[in-house]
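The values are calculated or read from the model by the stated rules, or taken from the named source; none is laboratory data. Quick caveat: nothing in here was measured; it's all calculated off a predicted structure. Here the Cβ positions follow ideal geometry from the backbone for every residue, glycine too, while neighbour counts run over all protein chains shown.
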Amino acid sequence: MNDLSKRIAQEDHPDDGDSPPVLIGDLKEGITTPVGQIIANILLKTESAQSQVTGYLPPLLGTDKCKKDTCCVWWYISAAMTLAFKGPSGRCNKNARQAIRLGFHDAGTWSQKLADSGQDYGGADGSIVLSGTEIHRAENNGLQDIIGKVKVWQKTFKVGMADLIQFAAIHAVVSCPLGPRTRVFVGRQDSSRAAPDGLLPDVNAKADDLIKLFEEKTISPHDLAALVGAHTTSQQFFVNKNRAGDPQDGTPGVWDTLFYNQTIGTGPLPKKVFRLPSDIVLAKDPRVKLEWDQFAGPNGQNHWNEDYAQAYTRLSLLGVNNINGMTECTKVLPGAQPSFKGALELLIDQ
């Protein structure tokens, strides 16, 4: 871990009012493996959720050596996703944007409150694809194309759908210039049982409702501020159909902090940028504003990248109850791209 990531990972935020982070899944019953300890450290914010470890050379796909190496097949999946997620200008494209959204929409359908009442299902289990019904929910409109792609990848590479969705979301982020290289853990259990409805955020919700919704997923306002920054690469198609395709900041193919500035009205705001009502109310809420302003300020990129990686690691493991048995495969990801020429150009790669 570099010094900056370590500082951010261990940074204390006494003014944000967040409760201390908690463990989730089977980690609550005990940490029994080295990987379980790593994930616990990330969840408790004592270890970086980013890694720049590269150099992995896999055995040939389909060989016995590859089959015995959990990460081998993921290297080949990573290669396929790199081709799918990069546009001709080097920015991340619509496939990447949809993959990020798909990861959120599968994992976000879990609640600690419901789990405590005996409904411990949903979350990062692949059910958004495998149930056959979740995709028809209104909040999942626009995900049909990327679901078609992950189905092909699953058929080709024969891996779990839950892992594939979360791997795609993490890969898509690092495919975007400036995006963090979030650590990858595989081994989730798939489920075809439809997740509980009503657990994804409403674009017109009040800040209180949004914060409560995420706190019931063990996600603090601090982490919510980081996660909502994924809108830096998003485009809206259904909130206002007259402005379908409009991005949420001026550089939707680059993972930069311009979203945080433009949502609160600082800096130039291109006419094409469409600000979501939920983003605007969160940015103003005192429980979120401190982090929001820090992400928007000088050196906000590194701070946000680490906070996002930590928060997304938590999100990507909601509803997962075999965390101790997972395997880290970060080494198969492409390298991060910490700079990008022409990053401020309003250009959307399709």
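How about region 187-244: which of its residues are of a type in the set (D, E, K, R) and either farther than 28 Å from ASP26 by Cβ or modelled with pLDDT under 95 (or both)?
ASP202, LYS206, ASP208, ASP209, LYS241, ARG243
Does region 283-304 contain any residue that is assigned to a loop (DSSP other than H, G, I, E, B), more than 30 Å from GLY123 (Cα to Cα) and of a type in the set (Gly, Ala, Ser)? Checking region 283-304: at least one residue is assigned to a loop (DSSP other than H, G, I, E, B), more than 30 Å from GLY123 (Cα to Cα) and of a type in the set (Gly, Ala, Ser). Scanning region 83-102 for residues that are farther than 12 Å from ILE147 by Cβ and under 17 Å from the mean Cα position of the chain (by Cα) yields PHE85, CYS92, ASN93, LYS94, ALA96, ARG97, ILE100. Of all the listed residues (LEU61, LEU102, LEU27), the sole one being assigned to a helix (DSSP H, G or I) and either β-branched (Val, Ile, Thr) or farther than 22 Å from GLY325 by Cα (or both) is LEU102. Does region 54-70 contain at least one residue that is modelled with pLDDT under 95 and surrounded by fewer than 24 Cβ atoms within 10 Å (Cβ to Cβ)? Yes, region 54-70 has at least one match. The condition (being in contact (Cβ under 8 Å) with a residue 12 or more places away in the chain and among the small types (Gly, Ala, Ser)) is satisfied by just one residue among GLY62, GLY87: GLY87. Under the condition of being surrounded by fewer than 16 Cβ atoms within 10 Å (Cβ to Cβ) and among the small types (Gly, Ala, Ser), the residues counted in region 197-228 number 1.
Residue count for region 229-247 under the criterion of being farther than 15 Å from PRO180 by Cβ, among the β-branched types (Val, Ile, Thr) and either surrounded by 24 or more Cβ atoms within 10 Å (Cβ to Cβ) or out of contact with any Pro (no Cβ under 9 Å at 6 or more places or on another chain) (or both): the result is 0. Do you know which of the residues in region 40-53 that are in a helix (DSSP H, G or I) and out of contact with any Asp or Glu (no Cβ under 8 Å at 6 or more places or on another chain) is surrounded by the fewest Cβ atoms within 10 Å (Cβ to Cβ)? Within region 40-53, the match that is surrounded by the fewest Cβ atoms within 10 Å (Cβ to Cβ) is ALA40. Within region 143-161, residues that are touching a residue at least 40 places away in the same chain (Cβ under 8 Å) reach partners that are crowded, with 18+ Cβ neighbours inside 10 Å and among the charged types (D, E, K, R) with beta carbons closer than 7 Å, at six or more positions or on different chains, in the pairs LEU143/ARG101.
You will find that of THR133, THR182, the residue that is more than 18 Å from ILE100 (Cα to Cα) and either in contact with a Cys (Cβ under 6 Å, 6 or more places away or on another chain) or among the hydroxyl-bearing types (Ser, Thr, Tyr) (or both) is THR133 and no other. When PRO268 is tested against (1) touching a Gly at 6+ places or on another chain (Cβ under 9 Å); (2) touching a residue at least 40 places away in the same chain (Cβ under 8 Å); (3) surrounded by fewer than 20 Cβ atoms within 10 Å (Cβ to Cβ), exactly one condition is not met: (2). Is there a residue in region 164-179 that is hydroxyl-bearing (Ser, Thr, Tyr), surrounded by fewer than 21 Cβ atoms within 10 Å (Cβ to Cβ) and in contact (Cβ under 8 Å) with a residue 60 or more places away in the chain? There is no residue in region 164-179 that is hydroxyl-bearing (Ser, Thr, Tyr), surrounded by fewer than 21 Cβ atoms within 10 Å (Cβ to Cβ) and in contact (Cβ under 8 Å) with a residue 60 or more places away in the chain.
I'd like to check something: does region 233-256 contain any residue that is within 13 Å of TRP304 (Cα to Cα) and not polar (S, T, N, Q)?
Taking every residue of region 233-256 in turn, at least one turns out to be within 13 Å of TRP304 (Cα to Cα) and not polar (S, T, N, Q).
Scanning region 111-130 for residues that are closer than 23 Å to ARG97 by Cβ and free of Cβ contacts under 8 Å to residues at least 60 places away in the same chain yields one hit, VAL129.
Kindly indicate which of ILE348, ILE323 is under 21 Å from the mean Cα position of the chain (by Cα), more than 19 Å from ALA207 (Cβ to Cβ) and at pLDDT below 95. So the residue among ILE348, ILE323 that is under 21 Å from the mean Cα position of the chain (by Cα), more than 19 Å from ALA207 (Cβ to Cβ) and at pLDDT below 95 is ILE348.
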